[in-house]
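Below is one structure; the comments refer to it alone.
The numbers here are math on the coordinates, done by the rules we state, and not lab data. In this text the structure is predicted, and so the values were computed from the model without any measurement. Every residue, glycine among them, receives a Cβ derived from its backbone with ideal geometry; neighbour counts consider all protein chains shown.
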Amino acid sequence: MQTRLANGKSLIELTTYDHVAMWWFVDFEFNDFLAMQLSQSSPSEPARKGVSIARRAELLARFLESFVLRLLPRTSIRRSSEAKDQNRPPRILFTAQDLQWREIRNQQTGSVRKTDVFFDSILRQLAGKCEFLGVCSLPIPHPALVDLRIRAWQVFVDRWKRWSISQVPFERHLSTKGWRKAREASSVFSKVWENLSRDRVFREVCGGGGIGASIFRELEYYFRTAFPRAVTYLEMSRQMIEDVNPDLILMINEYGLFERSLIVAGKELGVSTLAIQHGMINSHHRGYMYSRDEVSPVGSFRTPYCPIPDRTAVYGPYYKHLLTKVSSYPEDRVVVTGAPSYDRIARLNRIYSKKDFAQRYNIGVTRRALLWTTQCHGLSISENIRNFEAVLSAMRHLSETTLLIKQHPGEGRKYTEMIKDFLAKYDVNGILAPADSDLHEQLYSCDLMISKHSTSIIEAVAADKPVIILNLTKEIIPEGSDYVKEGVAVEVQREQDLVATIRKLLDDSTELSRNRRRFVEKYLFGLDGKATQRAVSLIWGMARNSIT
């Protein structure tokens, strides 16, 4: 991306708008696109082409949405910009993801409630001391994303009814100024693309057929649709920050379009940003892995640098090493706190009951329970079919075992239907858990977990459970995700080996258990149950520093 084209500029420089390189709003997706293209025998048209629509139609839908949201009660949250009162509670704006809205069991009462499972422990520990506002964003308006948009509105309404936390709908902040800026950006980037597409060096790289032609079409999509959309998000973020006037922006998934816009707008308007690690980070994770010329050592967000949060809280010392030594995060911007949402794992036996779990899912007391966490949306159809057939075929040979399937929260309805069809076809003792059910209860109650590269693997290891990595495509596992190399999981690369591996681990997993303590120290800061306390201390310090 830094290669000089015939016009003397790099691709990153050509994506600059208002001194910010829009490239960093699509960089993560572009790497996913490349991985998909390289994994196929012949390059194909990117699947994301189906979700792009005319920018004017999208802007109109967003503007109408903004108008409707402004009419709703309790969505207009403003605070005057008068002199700061050091005695008032800090106001914290945090990203409330739909995927995190799930069931959780109360440790003291045993009752089940719905909440943001990622931030819940932080919200409870700072209750009454800080004012929290959860900002939520709706998917792009397009017929192909109808299911996601319906679910987003359902979650919005559900939170409205059940949650004590105020919600801030992101889309309500599209102003007429933002509308004009977005249309201007569309015109600018269309002209840039027209010139770029004729550039001699660019055409040499992307000319002809094969993967070069696919890259050409993908980049055209970015210039004509994605970059103007990023400008729109930036304008909405600026407007929201001016309206809400937070002291700190707290987030996960900081490399997403929505989150990246919050980081840039926060830096422009002097509001600190803090990201908390939300899953596995490995040496190939483009959301975190940057070269030395891609991240500013002093925190600049202007071209050509990638905007990163003011602070990033990570789960363990390994991740700090990865971000500051392998990647290029400045040393003082990465803080080891542990995983706040994993504090519960340190006391699972005081929260959950295996007997209650067995009764809820109708599992006999003498039966073993296998938990399979799927990631269908991140795998090809052919690999999903191989996985379904391998696991369900194995279950036919495990008569005293029940299979509990927990889908990734981001999986769409089509994958749910696929799983149901395969369960009916194989007629095995299998249960599809509700999408918003409590994963930690399932981890505590299961005897073994099967997955490929889900975040649930690290949680299962922390919960002292044997894990099988089902890797039938023999994909190379990057550093940071190689649980087999760490000695806490067993890999299965052939369907015919799955039954024997399950039986072996159900009988004896002491070899894996011996390595778990070292793993937890390295990756999860010992899982001492105090990660929330450390994260809260960091949050409080950053927020109070903003007020004073």
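For the reader, a short list of remarks on this structure follows.
- Taking 18 Å as the straight-line reach from the Cα of K9, the lysines in range (excluding those fewer than 8 positions away in the same chain) are K191.
- Helix 498-507 axis, angle to the chain major axis (alpha carbon atoms, nearest 10°): 70
- For A21, the residues 5 or more places off, or on other chains, whose built amide H falls under 5 Å of its own are T303.
- The Cα atoms of region 236-325 cover 38, 26, 20 Å along the three principal axes, with the biggest extent listed first.
- Prolate/oblate/rounded call for region 348-524, Cα gyration tensor, a/c under 1.5 rounded: rounded
- Both numbers refer to the Cα atoms of the chain; Rg and Dmax are 23.9, 72 Å.
- Sequence-distant aspartates and glutamates (8 or more away, or on other chains) whose Cα lies within less than 15 Å of K325: D293, E294, E479
- For K354, a cut-off of 20 angstrom between C-alpha atoms picks up these lysines, skipping any fewer than 8 places away in its own chain: K406, K465.
- Computed from the Cβ-Cβ distance with R0 of 35 Å, the FRET efficiency linking D293 to D147 stands at 0.30.
- Against the chain, whose longest principal axis is taken from its Cα atoms, helix 210-221 shows a tilt of about 60°.
- Modelled FRET efficiency - R0 30 Å, K425 with K161, Cβ distances, 0.05 increments: 0.20
- Computed from the C-beta positions of V205 and E184 and an R0 of 25 Å, the FRET efficiency is 0.30 to the nearest 0.05.
- C-alpha long axis of helix 176-196 to longest principal axis of the chain, angle in °: 90
- Near the amide H of L404, within less than 5 Å, lie the amide hydrogens of L370, L371, W372, I431, all on another chain or at least 5 residues away, with H placed in the peptide plane.
- Multiplying the residue separation of N362 and R302 by 0.36 nm and subtracting their alpha-carbon distance yields 15.9 nm.
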